[in-house]
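Participant: Dropping a structure here in structure tokens format, bear with me for questions.
The values are calculated or read from the model by the stated rules, or taken from the named source; none is laboratory data. Here the structure is a predicted model, which is why all the values come from computation and not from measurement. Glycine gets a Cβ as well: all are built from the backbone with ideal geometry, and neighbour counts include every protein chain shown.
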Amino acid sequence: MAKTYKQIIDEARAAVPEVTADDVKARLDKKEPLALLDVREKEEYRQGYIPGAVSLPRGFLDMRIEEAVPDKKAPIVAYCASGTRSLLAGRTLRELGYTNVVSMRGGYQGWKNQGLPIREDRQFTQEQQVRYSRHFLLPEVGEVGQAKLLDAKVLCIGAGGLGSPVALYLAAAGVGTLGLVDMDTVDLSNLQRQILHTNDRIGMPKTESARLTINALNPDVKVVEFRERLSSENAMQIFSQFDIIVNGCDNFPTRYLANDACVMLRKPLVDGAIWQFEGQATVFKPFEGPCYRCLFPEPPPPGAVPSCAEAGVLGVLPGIVGCVQALEAIKLILGQGSPLIGRMMHFDTLQGDVRTLKLRRDPKCVVCGEHPTVTKLIDYEMFCGFGPANGNGNGAGSDAEQPSGQPTRLHA
Ligand SMILES: [Zn+2]
């Protein structure tokens, strides 16, 4: 004869010991190693949960428990809303071989009614729950990570070749605030690679075109336009409004300026450079890895390194490098994985060759070394050998130039 629901619960209660909310609180306060499993549905968890709990809805227990708790002898406390479903979950866990499982009597409601601490994550709208559902499935992102992305503020220097994939993918991923510095307008010659822009926007300021594209993709994103040339006068003020700076500039003065400002503000600079068929990407995290000046203390002589406008660039290349930059920015925001700090990914697209080079800090570096001599922003046009009378173009512009100057020096 089929068992009644009451019989099933009674059996589970006989198999799974129960503990009180106070017991659990005391064990958590003592920092005992225990896995606190919230076995309610995702929607219930979203409304609030016990700090430190892992969300593992009962329907996913079999599938996910080994990942969440690899040790079958580990102490596990399961809780649900009122203490019934966690008994059933406890029985399932025992059947799966977990030997040290208890259920919290009274569940989350009991815990909350006693005034014990709870946490409520950001409440996502219905639309956001669907939009970011693939992120929610990844334990490394989840709802906590998505909230971090939505709260993050990332600045793109340039809304061109690199800035396009960077801004598009960061916007799609739900990075909540994207700043764009670019004073250019959309030109027909940009469209071979700058996928933020479209044919009918030729002549439009690039930051405006970028904002239209980004908000058409994801209205969650706030776009902050800086329709100006990045300079020693405005860089600190602009950078200070953001958590992470992504470099998509097209000239050496801006490259040194962005580096120095990031070191001075201790903000990570996700760097990328492209030239013809070659590209590279790295993360300059001040005082954790090298900065751009550690690698290249001196700018190349003016005119020694041709720009993309002079030497050409394959249309797909900024997509590859920009996607790596977007990825690195997301890793930094989430605090997941190993960012490319002190490492540089180098792409030779013609050969299909990808290498990761190790980079070292220079203790003598003039901005991040032991005895820095550059402690405020300088005149970068002068530093790079461009007199004020023949300044070089637009500053934060569309493409990057030859990979960080002389790539051969990177191979040492
Ligand atoms: Zn340095």
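Participant: Can you go through GLU228, GLU208 and tell me which one is of a type outside the set (A, V, I, L, M, F, W, C), touching an Asp or Glu at 6+ places or on another chain (Cβ under 9 Å) and either without any contact (Cβ under 8 Å) to a residue 12 or more places away in the chain or in a loop (DSSP other than H, G, I, E, B) (or both)? If you could, list the steps in order and put the result at the bottom.
Facilitator: Details: GLU208 fails: either without any contact (Cβ under 8 Å) to a residue 12 or more places away in the chain or in a loop (DSSP other than H, G, I, E, B) (or both).
Exactly one residue qualifies, and that residue is GLU228.
Participant: Where in the stretch 69-165 are the helices (runs of 4 or more DSSP H), entirely inside, with at least 2 residues that are within 25 Å of GLY335 (Cβ to Cβ)? Don't jump to the end; show me each part of the working.
Facilitator: On the way: elements: 85-95, 107-113, 126-131, 133-136, 142-151.
In the stretch 69-165, 126-131, 133-136, 142-151 are the helices (runs of 4 or more DSSP H) which contain 2 or more residues that are within 25 Å of GLY335 (Cβ to Cβ).
Participant: Residue check: is ILE320 away from the ligand (no atom under 16 Å from the Cβ) and in contact with a helix residue (DSSP H, G or I) (Cβ under 6 Å, 6 or more places away or on another chain)?
Facilitator: no
Participant: Against the condition farther than 15 Å from ILE9 by Cβ and among the basic types (Lys, Arg), how does ARG122 come out, does it pass?
Facilitator: It is true that ARG122 is farther than 15 Å from ILE9 by Cβ and among the basic types (Lys, Arg).
Participant: Give the stretch 365-382 a look and list any residue that's touching a helix residue (DSSP H, G or I) at 6+ places or on another chain (Cβ under 9 Å), free of Cβ contacts under 8 Å to residues at least 24 places away in the same chain and more than 9 Å from the ligand (Cβ to nearest atom), or say none.
Facilitator: Of everything in the stretch 365-382, just one residue is touching a helix residue (DSSP H, G or I) at 6+ places or on another chain (Cβ under 9 Å), free of Cβ contacts under 8 Å to residues at least 24 places away in the same chain and more than 9 Å from the ligand (Cβ to nearest atom), namely MET382.
Participant: Another question, if that's okay. Keeping to the stretch 231-272, report how many residues are under 20 Å from the mean Cα position of the chain (by Cα), in a helix (DSSP H, G or I), in contact (Cβ under 8 Å) with a residue 40 or more places away in the chain and within 16 Å of the ligand (Cβ to nearest atom).
Facilitator: So the count comes out to 3.
Participant: With the structure loaded, tell me whether VAL283 is in a strand (DSSP E or B) and more than 22 Å from ARG343 (Cα to Cα) or whether it fails that test.
Facilitator: Judged against the criteria, VAL283 is not a match.
Participant: Further, regarding this structure: Does LEU269 fit the bill of being within 14 Å of GLU328 (Cα to Cα) and surrounded by 24 or more Cβ atoms within 10 Å (Cβ to Cβ)?
Facilitator: In short, yes.
Participant: Further, regarding this structure: Do we have GLY161 as small (Gly, Ala, Ser) and surrounded by fewer than 24 Cβ atoms within 10 Å (Cβ to Cβ) here?
Facilitator: In short, no.
Conditions tested, residue by residue: (1) over 30 Å from GLY176 (Cα atoms); (2) out of contact with any helix residue (DSSP H, G or I) (no Cβ under 7 Å at 6 or more places or on another chain); (3) surrounded by 15 or more Cβ atoms within 10 Å (Cβ to Cβ).
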{"site": "PRO57", "(1), (2), (3)": "no, no, yes"}
{"site": "MET63", "(1), (2), (3)": "yes, yes, no"}
{"site": "LYS73", "(1), (2), (3)": "yes, yes, no"}
{"site": "ILE76", "(1), (2), (3)": "yes, no, yes"}
{"site": "ARG131", "(1), (2), (3)": "no, yes, yes"}
{"site": "PRO139", "(1), (2), (3)": "no, yes, no"}
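Participant: Run ARG355 past the list (1) among the charged types (D, E, K, R); (2) over 25 Å from the mean Cα position of the chain (by Cα); (3) more than 16 Å from the ligand (Cβ to nearest atom) and report the number of the one that doesn't hold.
Facilitator: (2)
Participant: Kindly evaluate VAL224 against the criterion of being in contact with a Gly (Cβ under 8 Å, 6 or more places away or on another chain) and over 27 Å from GLN128 (Cβ atoms).
Facilitator: no
Participant: Follow-up question, since we're still on this one. Of the residues VAL224, VAL246, only one is within 14 Å of CYS156 (Cβ to Cβ), surrounded by fewer than 22 Cβ atoms within 10 Å (Cβ to Cβ) and either at pLDDT 95 or above or in contact with a Phe, Trp or Tyr (Cβ under 6 Å, 6 or more places away or on another chain) (or both); which?
Facilitator: VAL224
Participant: Pairs please, first residue from the stretch 168-189 and over 17 Å from GLN325 (Cα atoms), second anywhere and part of a strand (DSSP E or B), Cβ atoms under 6 Å, 6+ apart in sequence or on different chains.
Facilitator: THR185/PRO205
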